[in-house]
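Undergrad: Structure in structure tokens, see below.
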Amino acid sequence: MEIIFVIAGISALLVIGSIWRGYVFSVLWKWFIVPVFPAMPLLSIPVAIGIAMVVSFLAYQYTYSKDDRDTASKFGGAFGVSLLYPALVLLMGWVVTLFL
């Protein structure tokens, strides 16, 4: 029964994380790319999700490590990477816009 919750949690995290990353990417695009290159269009969230997926696919580097953490710790790490990291990037981007 635990495996069903793990699979459901991972699936939900993948969907929510992808949407969140797409949103963050579209906002950063609007803040930094469009003002410098006015001919560039604004990105919708689905387009931003697609571009973010392509970039992460091309830039992904697998590193093998023996991980002895329990499932909850691994899920917490995935949560941090999927949701908290884009929020931190968005916050840093917002701070940078204050200096423009």
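The values are calculated or read from the model by the stated rules, or taken from the named source; none is laboratory data. Note that the structure is a prediction, hence the values are computed from the model and not measured. Note that each Cβ is placed from the backbone with ideal geometry, even for glycine, and that neighbours are counted across all protein chains shown. The accessibility values were calculated without ligands, DNA or RNA, using every heavy atom of the protein model including side chains. Shrake-Rupley method; radii C 1.70, N 1.55, O 1.52, S 1.80 Å.
Undergrad: Within the range 71-87, identify whether any single residue is open to solvent by 100 Å² or more (accessible area, probe 1.4 Å), under 30 Å from E2 (Cα atoms) and among the polar types (S, T, N, Q), and answer yes or no.
TA: The answer is no, given that none of the residues of the range 71-87 is open to solvent by 100 Å² or more (accessible area, probe 1.4 Å), under 30 Å from E2 (Cα atoms) and among the polar types (S, T, N, Q).
Undergrad: Which residue, of S44, S11, is under 30 Å from L100 (Cα atoms) and either small (G, A, S) or without any contact (Cβ under 8 Å) to a residue 24 or more places away in the chain (or both)?
TA: Being under 30 Å from L100 (Cα atoms) and either small (G, A, S) or without any contact (Cβ under 8 Å) to a residue 24 or more places away in the chain (or both) holds for just one of S44, S11, which is S44.
Undergrad: Is there any pair linking a residue in the range 52-63 that is open to solvent by 80 Å² or more (accessible area, probe 1.4 Å) to one that is modelled with pLDDT of 80 or more and assigned to a helix (DSSP H, G or I), with Cβ under 7 Å and at least six apart or on different chains, and which?
TA: Close Cβ pairs satisfying both conditions: none exist.
Undergrad: For the list (1) part of a loop (DSSP other than H, G, I, E, B); (2) out of contact with any Ser or Thr (no Cβ under 8 Å at 6 or more places or on another chain), I need the number of the one condition that L88 fails.
TA: Just one mismatch for L88, condition (1).
Undergrad: State yes or no: is V6 in contact (Cβ under 8 Å) with a residue 12 or more places away in the chain, farther than 23 Å from L88 by Cα and open to solvent by less than 90 Å² (accessible area, probe 1.4 Å)?
TA: Criteria met by V6.
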